[in-house]
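Here the structure comes first, spelled out in structure tokens, and everything after it is commentary.
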Amino acid sequence: MTTALITGGTAGIGRAFADKFAALGYDLVLVARGRERLESAAEELRRASGVHVQTLAADLATDGGTEAVRERLAATDRPVDILVNNAGFALGTSFRKSPIADEERLLDVHVRAVLRLTNAALPGMVTRGKGSVINVASVAAFVPRGTYSAAKAWVVSFSESVAAELAGTSVRCMALCPGFTHTEFHERADIDERQVPRWMWLNAPDVVDAAIEDLRKGLTVSVPAAKYKLLVGASRLVPRRVSTRVSRGFSKRW
Ligand SMILES: NC(=O)c1ccc[n+]([C@@H]2O[C@H](COP(=O)([O-])OP(=O)(O)OC[C@H]3O[C@@H](n4cnc5c(N)ncnc54)[C@H](OP(=O)(O)O)[C@@H]3O)[C@@H](O)[C@H]2O)c1
């Protein structure tokens with residue numbers, strides 16, 4: 001029996017992971033803040049696939065929230081085989097206009113929670129000789145664009161470092177770097193999706209399929225879709241000041 005714990009498993013990319021894993025017959029632990037939505041997602045997944053679904057209401061911006069999830073990750077009853085650190089959000093404003101509490105909350109969810117949950121999950125996975133951690137970063141990790149990009153760059157570097165440390169074990173760690181994906185992410189941050197050209201959009205189920213394929217191949221960094229592989233490759237070749245200028249000019253609003 002395989003069990004996957006997905007943070008932010010009630011919407012967008014996290015929900016697409018939940019649908020995919022349930023279809024594969026994996027049991028699930030869904031983590032998010034909204035209790036009602038957790039329960040309705042769990043019920044839909046149980047009905048569609050007959051898998052066991054546990055819900056855990058937790059705010060990953062808080063110590064109490066991350067501690068509750070750490071406890072579940074360390075449990076030996078129905079142990080977690082796959083951890084997807086996916087919960088996240090954008091602020092939709094520039095750094096100089098953003099209240100410091102929001103910037104810190106962003107780091108807490110995108111960095112501190114990923115650090116704490118990965119730390120709780122790995123010992124059991126290594127002892128059991130199987131397991132995977134998928135850390136959802138972003139192509140934003142490769143271009144300087146506020147605290148969000150800096151946090152996602154940390155997620156990529158952290159995942160690469162953990163993956164290297166796990167070499168020789170049967171446990172994997174991979175950073176997933178999607179481009180613009182249709183989810184609730186932009187609406188929640190009050191970002192107008194129309195600013196992004198249509199060709200740049202991905203669908204969450206396609207992102208998840210690519211991630212699972214790349215995890216099977218043993219990749220450490222997964223960039224779904226050929227167009228984003230090209231953009232990420234180009235961003236590594238052009239001087240940093242050029243990618244910074246392109247990134248800044250991309251949106252006038254946020
Ligand atoms: N969409 C994109 O274009 C895109 C591109 C690249 C990377 N990403 C990354 O993909 C990940 C998922 O984003 P998405 O687009 O799927 O967003 P989404 O549709 O807005 O879903 C976000 C999920 O995270 C949960 N969440 C948010 N804050 C939380 C907190 N403090 N504690 C616990 N759960 C929290 C939400 O549930 P509650 O609100 O109920 O807590 C929801 O389930 C994020 O890490 C994001 O940075 C997104």
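The values are calculated or read from the model by the stated rules, or taken from the named source; none is laboratory data. Predicted model, so just to flag it, every value in this text is computed and none were measured. Neighbour counts run over all protein chains shown; Cβ positions are idealised from the backbone, glycine included. Note: areas computed on protein heavy atoms with side chains; ligands, DNA, RNA excluded. Shrake-Rupley method; radii C 1.70, N 1.55, O 1.52, S 1.80 Å.
What pairs can you find where one residue is in region 78-96 and touching a residue at least 12 places away in the same chain (Cβ under 8 Å), the other is of a type in the set (Gly, Ala, Ser) and open to solvent by 40 Å² or more (accessible area, probe 1.4 Å), and their Cβ atoms are less than 6 Å apart, with a gap of 6+ or different chains?
Within 6 Å, the pairs are Phe95/Gly146.
Could you tell me which residue of region 155-175 is nearest to the ligand (Cβ to nearest atom), considering only residues that are β-branched (Val, Ile, Thr) and part of a helix (DSSP H, G or I)?
Val155
Of the conditions (1) in contact (Cβ under 8 Å) with a residue 60 or more places away in the chain; (2) open to solvent by less than 10 Å² (accessible area, probe 1.4 Å), Phe185 clears all except one; give me its number.
In the conditions (1) in contact (Cβ under 8 Å) with a residue 60 or more places away in the chain; (2) open to solvent by less than 10 Å² (accessible area, probe 1.4 Å), Phe185 misses (2) alone.
What residue, of Arg112, Arg70, Arg116, is within 16 Å of the ligand (Cβ to nearest atom), within 17 Å of the chain's Cα centre (by Cα), of a type outside the set (A, V, I, L, M, F, W, C) and farther than 23 Å from Ser222 by Cα?
Step by step, each of Arg112, Arg70, Arg116 is checked, and only Arg70 is within 16 Å of the ligand (Cβ to nearest atom), within 17 Å of the chain's Cα centre (by Cα), of a type outside the set (A, V, I, L, M, F, W, C) and farther than 23 Å from Ser222 by Cα.
Return only the number of the condition from (1) assigned to a helix (DSSP H, G or I); (2) closer than 19 Å to Gly65 by Cβ; (3) near the ligand (Cβ under 9 Å from one of its atoms) that Thr10 does not satisfy.
So Thr10 meets the others, but not (1).
I'd like to verify a number: residues in region 176-207 that are assigned to a helix (DSSP H, G or I) and in contact with a strand residue (DSSP E or B) (Cβ under 9 Å, 6 or more places away or on another chain), how many?
Of the residues in that region, 4 qualify.
Within region 105-117, does at least one residue satisfy the condition of being out of contact with any helix residue (DSSP H, G or I) (no Cβ under 9 Å at 6 or more places or on another chain), farther than 24 Å from Ile212 by Cβ, surrounded by fewer than 20 Cβ atoms within 10 Å (Cβ to Cβ) and modelled with pLDDT of 95 or more?
Yes, the conditions are met somewhere in region 105-117.
Mind checking whether some residue in region 18-27 is open to solvent by less than 20 Å² (accessible area, probe 1.4 Å), under 19 Å from Ala113 (Cβ atoms) and near the ligand (Cβ under 10 Å from one of its atoms)?
yes
For the subset of region 42-59 comprising residues that are closer than 15 Å to Ile6 by Cα and out of contact with any strand residue (DSSP E or B) (no Cβ under 6 Å at 6 or more places or on another chain), which member is most open to solvent (accessible area, probe 1.4 Å)?
Asp59
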